[in-house]
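In what follows, a single structure is set out as structure tokens and then discussed.
Values in this text are rule-based calculations from the coordinates and carry no lab data. As the structure is a computational prediction, the values presented were derived from the model and not from experiment. We place every Cβ from the backbone using ideal geometry, glycine too, and count neighbours over all the protein chains shown.
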Amino acid sequence: MANDTHSADTETAHGAVDAAHGAAGHAEAASAGMPQLEFATFPNQIFWLMVTLVVIYLVLSRVALPRIAAVLAERQGTIANDLAQAEELKQKAVAAEEAYNQALADARTEAHRIVAETKAEIQADLDAEIAKADAEIAAKAAESEKAIAEIRASAVESVHEVAKSTAAEIVGSLGMSGDAKAIEAAVAERVKG
Amino acid sequence: MGKIALILALVIVAAATLFLQPEHAGLAIHPMDQFEISPLFGHGDISWYTPTNVTAWMAIAVLCIILLLVVGTRRRAIIPTRTQSIAESAYGFVYKMVEDVAGKDAVGFFPYIMTLFMFIVFANFLGLLPFSFTTTSHIAVTAILAMLVFLTVTIVGFVKNGTAFLGLFWVSSAPLALRPVLAIIELISYFVRPVSHSIRLAGNVMAGHAVIKVFAGFAGALGMFAFLPIFAITAVYALEVLVAFIQAYVFTILTCVYLKDALHPSH
């Protein structure tokens, strides 16, 4: 579009030289068919292309590409670091959980131990008390038995005495005189039987 | 937002076709005028150092590359901004291409290949702006780019492999009788490489731009029915956007393929 107006300008407004040039240009373009084949412009294009490529190459290789590579590497490093850190934290969490479980298990066994110990202590105390009580009971029973035996012995003695004296009285009142020795023997015989 | 813009554009097109009828609705199509090279100052002859529209649009391409890759990454952020993200994607895209296609020992050529890619991609996309000039539509430019690649590859091939580089042309897996024939074919295809490499890029870019201009010429001639070529222009433009990237990609990946041949010439 711009070229259209430009060539129109050249042909109408400007001087003879310009007009001639424009006409020549058009003639050349028409004969060649396309501006791509106007070999007169080749050195110009090639020169500016080389300048452009050298500038782009220098900018890219000196500034842009090292910078982008550094940024990408840094990001990669950051990501790797973060991942490693996350992994470490995870390990720590697992270790903490293990420690917690261990502590819990330890506490539980300790509690069990204490319970068992206390139980055993109480049992021992109880056993001792029971044994002591048993012994006391046995002593008391023996004492009582002894007392009972004494009482019984004194009662038997009394029965002997009473029987003897009663027998002697009965014999006396019957009018017979018995000798004391014989009476005693007879009474002993009877009481025993 | 997009819908409103679309409706607005259609209304403007309709109004323009109704009220802005050209005084003489003739078929005036100059599809090739857009490729003309003119001096920036004055109307003199074009010598090798004259600043021309080629200079201007190459300078704009350089400026855009610097804006994207240098200014865009100036913060060196771990969490990138949008511009830095684009710069990093471009870096990763080309770096991965070099590494995957040409091999790990070719990463030394990465700045060189990145230069080619960035220049072509920016020249192509800048050429899609209305009233702009497309430097890559000129065979002189693409031929130089292709010749640079060809010379680099050939020199690197001989420097790295010595005469073993000629094994590239001697297909040792083929039967012995066929090898000389294949060698001739391989040799021809090797020297045709820069031709196809350069014409592919310039041809694609030039053809698309010329087609748009042709349709634009129809739009001027059709009056009321100008919306038809305008829709066609929209479609071709969309295709051109694709082509602009794909041709830069193709040029770069072929460079990598040729480089691989130079570094590992065995078949």
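One table, with the values for the structure above:
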read-out: Calculated FRET value between B:Thr81 and B:Met147, using beta carbons and R₀ = 45 Å, to 0.05; value: 0.75
read-out: Shape box of the protein assembly as shown [Cα atoms, principal axes, largest first, Å]; value: 209, 72, 43
read-out: With at most 15 other Cβ atoms within 10 Å, longest stretch of chain B clear of loop trypsin sites (Lys or Arg not before Pro) (DSSP); value: B:77-267
read-out: Cβ-derived FRET efficiency at R0 35 Å, A:Lys181 paired with A:Glu145, nearest 0.05; value: 0.50
read-out: A:Ala93-B:Arg200 pseudo-label distance in nm [points 7 Å out on the Cα-to-Cβ vector]; value: 5.2
read-out: Chain B: DSSP helices with Cα axial extent of at least 18 Å and average Kyte-Doolittle hydropathy no lower than 0.0; value: B:2-19, B:53-66, B:110-126, B:139-161, B:179-222, B:227-263
read-out: Contour excess over end-to-end distance, with Cα ends at A:Val156 and A:Thr78 and 0.36 nm allotted per residue; value: 16.6 nm
read-out: Relative counts (whole %) of C-alpha pair distances in region A:150-192, using bins that are 5 Å wide; value: 6, 24, 30, 21, 11, 6, 3, 0
read-out: For region B:183-248, alpha-carbon Rg and Dmax in angstrom; value: 17.3, 61
read-out: Size descriptor, Kirkwood hydrodynamic radius, that averages inverse alpha-carbon separations across chain B, Å; value: 21.7
read-out: Where Rh is the Kirkwood radius over Cα pairs, Rg/Rh for region B:154-220; value: 1.33
read-out: Kirkwood Rh (inverse of mean 1/r, distinct Cα pairs), region A:39-149, angstrom; value: 24.1
read-out: Semi-axes of the equivalent ellipsoid for region B:130-267, Cα gyration tensor, largest first, Å; value: 43, 15, 11
read-out: Residues B:Ile246 and A:Leu58, FRET efficiency given R0 of 30 Å [Cβ-Cβ distance, rounded to 0.05]; value: 0.60
read-out: Spin-label pair B:Ala56/B:His264, simplified geometry with 7 Å Cα→Cβ offset, distance in nm; value: 4.8
read-out: Contact order normalised by residue count of chain B, Cα under 8 Å, 6+ apart, percent; value: 28
